[in-house]
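In what follows, a single structure is set out as structure tokens and then discussed.
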Amino acid sequence: MTTIRTLTIKYALLQSLYWMVFCSIYGFASVFLLSRSFENQNIGLILASSNILSVILQPTLGAVIDKFKRLTLKWSLAMLTILSIALLVSLLLSTGAPAIEALLFIAVVSLVLSMQPFINSFTFEHINSGVKINFGLTRGAGSLAFALTSYTLGLLLTRFSTIILPIACIFFIISFFGPYFHLSRNYYF
């Protein structure tokens, strides 16, 4: 039987990896977009559009999951993650057309923003089923991971191009799959 401490550590890793993804794509959004020759007002529009789209996307996805019982929370979050990877790869391979880059960036940021409530729901589904997890500690680990990622990426950006940001984001998202599927393999939400 898995101990409370072990489960809390696993969920802390899950939260940490999510916030590392968030930091690399959203925390450095202005830096990345400025390097792609977007002006400040366009960056503001891109980020505002991403936030608005995620506000629409979150309840819409929730309603779809509720409507289709075979579409579980586990697989919905996995699909969001895979789609985010595909969009990030497309962003890396984009030809530099500003409209395409803006749309790809809006889409990926909206998906990443939409993942957070799913991660929290995933955790609370487990807690509600009797699994003991210290949610406050897991969320605190996520904040610490964000801070460390921000510091590290900031240092790396002084030496390398901003292309490391979507690459780091892809790496963190792929890393997210490990603890996510490990935690979800025995549960059917």
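The values are calculated or read from the model by the stated rules, or taken from the named source; none is laboratory data. Nothing here was measured: the structure is a model prediction, and the numbers come from that model. For neighbour counting, all protein chains shown are included, and Cβ atoms are generated from backbone atoms with ideal geometry for every residue, glycine included. Remember, those area values only see protein heavy atoms, side chains included, never the ligands or the DNA or RNA. Shrake-Rupley method; radii C 1.70, N 1.55, O 1.52, S 1.80 Å.
Worth a mention:
- In the range 1-10, the residues that are exposed (fewer than 15 other Cβ atoms within 10 Å of the Cβ) and either in a helix (DSSP H, G or I) or at pLDDT 95 or above (or both): ILE4, ARG5, THR6
- Residue match in the range 56-69 (condition: farther than 20 Å from GLY27 by Cα and of a type in the set (Ser, Thr, Tyr)): yes
- Flag if LEU156 is modelled with pLDDT of 95 or more, part of a helix (DSSP H, G or I) and open to solvent by 50 Å² or more (accessible area, probe 1.4 Å): yes
- Take the conditions (1) within 19 Å of ILE25 (Cα to Cα); (2) among the hydroxyl-bearing types (Ser, Thr, Tyr); (3) more than 19 Å from the chain's Cα centre (by Cα); TYR151 misses just one of them, which is (3).
- For the range 83-109, filtering for residues that are touching a Leu at 6+ places or on another chain (Cβ under 7 Å) and aliphatic (A, V, I, L, M) leaves 7.
- Matching residues, the range 11-35, being surrounded by 18 or more Cβ atoms within 10 Å (Cβ to Cβ) and farther than 17 Å from ILE173 by Cβ: TYR11, ALA12, LEU33
- Of all residues in the range 119-138, those satisfying the criterion of being open to solvent by 70 Å² or more (accessible area, probe 1.4 Å) and in contact (Cβ under 8 Å) with a residue 12 or more places away in the chain are GLU125, LYS132, ASN134, LEU137.
- So PHE105, is it open to solvent by less than 20 Å² (accessible area, probe 1.4 Å), closer than 22 Å to PHE32 by Cα and of a type in the set (A, V, I, L, M, F, W, C): yes
- Residues in the range 1-60 that are among the charged types (D, E, K, R), under 17 Å from PHE105 (Cβ atoms) and touching a residue at least 40 places away in the same chain (Cβ under 8 Å): 1 in all.
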